[in-house]
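None of the figures in this text is laboratory data; all of them are computed from the coordinates on show. Bear in mind that the values here come from a model prediction, so they are computed numbers and not experimental data. Positions of Cβ are generated from backbone atoms using ideal geometry, with glycine treated the same way; all protein chains shown enter the neighbour counts.
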Amino acid sequence: MHEFRYVGNELWCERLAVRPLARRFGTPLFVYSRRTLEDHYKKLAGALAPLDHRICYAVKANANAAVLRVLAGLGSGFDIVSEGELRRVIAAGGKAGDCVFAGVGKTEGEIEGALREGIYAFHVESEPELVRIDRVAARLRRTASVAVRVNPDVDARTHRKITTGTYEAKFGIPFEEVAAVYARASRLKHVRLRGLQMHIGSQLTDTRPFEEAVRKVAPLVMVLAGRHGLEYFSIGGGLGIVYQPALASGSAAWWRSRRARGLLTPARYADRLVPLLKPLRLRILVEPGRFICGNAGVLVTRVEYVKRTGTKRFVIVDAAMNDLVRPAFYDAYHEIVPLTRRRGARVVCDVVGPICESGDYFARDRRLPAVREGDHLALLSAGAYGSVMSSNYNSRPLAAEVMVHGNRAALVRAREPLEAMWARESIPSWR
């Protein structure tokens, strides 16, 4: 479930109305629900309880320190893709030894830093990377734990920009080559083969691609575990969320509605995969990001203008594609609701931002309640790939972020001052 719902005619997060938060902290504003983060993590952990498992939260989905601290407190591990993410995890109270380091372009400096911190394992994307890791580990007189990422050539049937498990993608090593790669890697003196990893894509709402990939890769895992003493099999992340409709209607009802519509739930995910994974007798790693935090956040924005042309009605808001790029980047859908409901007919409109790009929109030809200048809207399901993908385009400062816990709210990232955007720049002394 998630904790954004109407109480009377006001949108609430947990036990607080959202509109006073917008007045207090300004807009654009990301609002996160701590209880939602905890609920989603615990539901997935409970569903996977029959397995020796570890959840490694994908930091790239939402890297706010407060979010990471909540998950570290629940016992989560972390899936990182840069030295910056590793440093964030440590600064937020997580442990390097609970981190797996993914990504196709790890630099020597990143590998050295991760080895010095003592990460759990590198998820290796190519043979040149294996050689580099071995070389760096030798220089440091250490042994690097690794798991090769297998590309199973399974189509996740999701958006082409977030499909990662086919041979058209840059990720991993082709399925047919993996056994030979492990044989060669076993001869490297400063590498320990600890596991095998895969990840087929993001925002999957059907279990079938997961099942197909696990069925294909599991026999290979068993062979490699016997040959090389592997400890774990990481099946990646990719568990999707509901973007439409996204507004909560009560915990039990929300999960029942997902099941009734055949959408992925932790129980359905586990029902289909646990029987395939349990016979391996290995630790199973999962690396969810969006599933944990996607519906745990909203982006609140103020209506600046309502503009009418001959054929269009534009609702111009103070948030923009630099705050939430998913609609512009992926044509992604986010449900949009007013913070205060009013009676009246709905109108067809485009919800757009102030950036000087035609692609700066949040909705096109969407039927929404009529709004006027000064009203506030919430873009739901903005907890994942929202603030982490934000930018300063058009010299716009990064939005503030707030976390709600029951009836308390805390500022967990201050709005960026304008001057901070050019504080690290300098003008050459020459004329």
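Net length available on complete extension from Leu74 to Arg343 is 92.6 nm, with 0.36 nm assigned per residue and the Cα-Cα distance removed.
Taking other C-beta atoms within 10 Å as the exposure proxy, Tyr361, Tyr41 rank Tyr361, Tyr41 from fewest upward. The amide H of Tyr361, built 1.01 Å from its N in the peptide plane, has Ala328, Gly353 as neighbours under 5 Å, considering only residues 5 or more places off or on other chains.
Considering only alpha-carbon pairs that sit under 8 angstrom and 6 or more positions apart, the relative contact order computed for region 34-289 is 20 percent. Each stretch of four or more DSSP H residues adds -39500 (n - 2.57); spread over every residue of the chain, this sum gives -8500 deg cm²/dmol at 222 nm. Taking Cβ atoms as reference points and 13 Å as the exclusive limit, the residues near Ala144 contribute a net charge of +4, counting Lys and Arg as +1 and Asp and Glu as -1. Counted residue by residue at 0.36 nm each, then reduced by the alpha carbon distance between them, the extension gain from Ala423 to Thr143 reaches 96.7 nm.
Against the chain, whose longest principal axis is taken from its Cα atoms, helix 208-228 shows a tilt of about 30°.
Computed from Cα positions, the angle between helix 34-47 and the longest principal axis of the chain comes to roughly 40 degrees. Here the Gaussian network model covers the chain, with springs between Cα atoms less than 10 Å apart; of Thr309, Thr207, Thr301, Thr309 fluctuates the most. For the pair Lys216 and Ala49, a Förster radius of 22 Å applied to the C-beta separation gives a FRET efficiency near 0.30, rounded to the nearest 0.05. 3J(HN,Hα) couplings calculated from phi for region 91-97 with the Karplus curve 6.51 cos²θ - 1.76 cosθ + 1.60 (θ = phi - 60°) are, in sequence order, 5, 8, x, x, 10, 4, x Hz; Gly and Pro show x.
The phi-based Karplus calculation (6.51 cos²θ - 1.76 cosθ + 1.60; θ = phi - 60°) puts the 3J(HN,Hα) values of region 355-364 at 6, 7, 9, 5, x, 7, 9, 10, 7, 10 Hz, whole numbers, x for Gly and Pro. Neighbour counts of C-beta atoms inside 10 Å place Phe329, Phe122 in the sequence Phe329, Phe122, starting with the fewest.
Taking the fewest neighbouring Cβ atoms within 10 Å as the starting point, the ordered list for Phe30, Phe175 is Phe175, Phe30. Using a simple spin-label model with pseudo-atoms 7 Å out from Cα toward Cβ, Trp430 and Arg24 lie 5.3 nm apart. At an R0 of 56 angstrom, the distance between the Cβ atoms of Arg283 and Arg308 translates into a FRET efficiency of 0.40. Annotation: peptides 54-61, 402-409, ranked by per-residue average of other Cβ atoms within 10 Å with the highest first, follow the order 54-61, 402-409. Among 67-73, 233-239, 410-416, 111-117, the peptide with the highest mean count of other Cβ atoms within 10 Å heads the list, and the full ranking is 233-239, 67-73, 111-117, 410-416.
With a ≥ b ≥ c the root eigenvalues of the C-alpha gyration tensor of region 341-411, is it rounded (a/c under 1.5), prolate (a/b larger than b/c) or oblate? Because a/c hits 1.5 or more and a/b fails to exceed b/c, region 341-411 counts as oblate. Would any residue of region 70-90 have its amide N under 19 Å from a label point 7 Å out along Cα→Cβ of Glu231? List them or say none. Backbone N within reach: 75-80. Phi angles across region 84-89 convert, under the Karplus curve 6.51 cos²θ - 1.76 cosθ + 1.60 with θ = phi - 60°, into 3J(HN,Hα) values of x, 5, 4, 5, 4, 4 Hz, Gly and Pro given as x. Shape class for region 295-422, computed from the alpha carbon gyration tensor (a ≥ b ≥ c): oblate, with a/c not under 1.5 and a/b at or below b/c. For the chain, the longest principal axis of the alpha carbon atoms and the long axis of helix 251-260 meet at an angle near 70°. Remind me, relative contact order of the chain in percent, using alpha carbon pairs under 8 angstrom and six or more residues apart? After rounding, I find 20 percent.
Result for the chain in a Gaussian network model with C-alpha springs under 10 Å: among Thr311, Thr143, Thr205, the largest mean-square fluctuation is at Thr311.
Each other residue within a Cβ distance under 13 Å of Glu177 adds +1 if Lys or Arg and -1 if Asp or Glu, for a net charge of -2. Full extension of the chain between Ala183 and Tyr333 gives 49.5 nm of extra length, using 0.36 nm per residue less the Cα-Cα distance.
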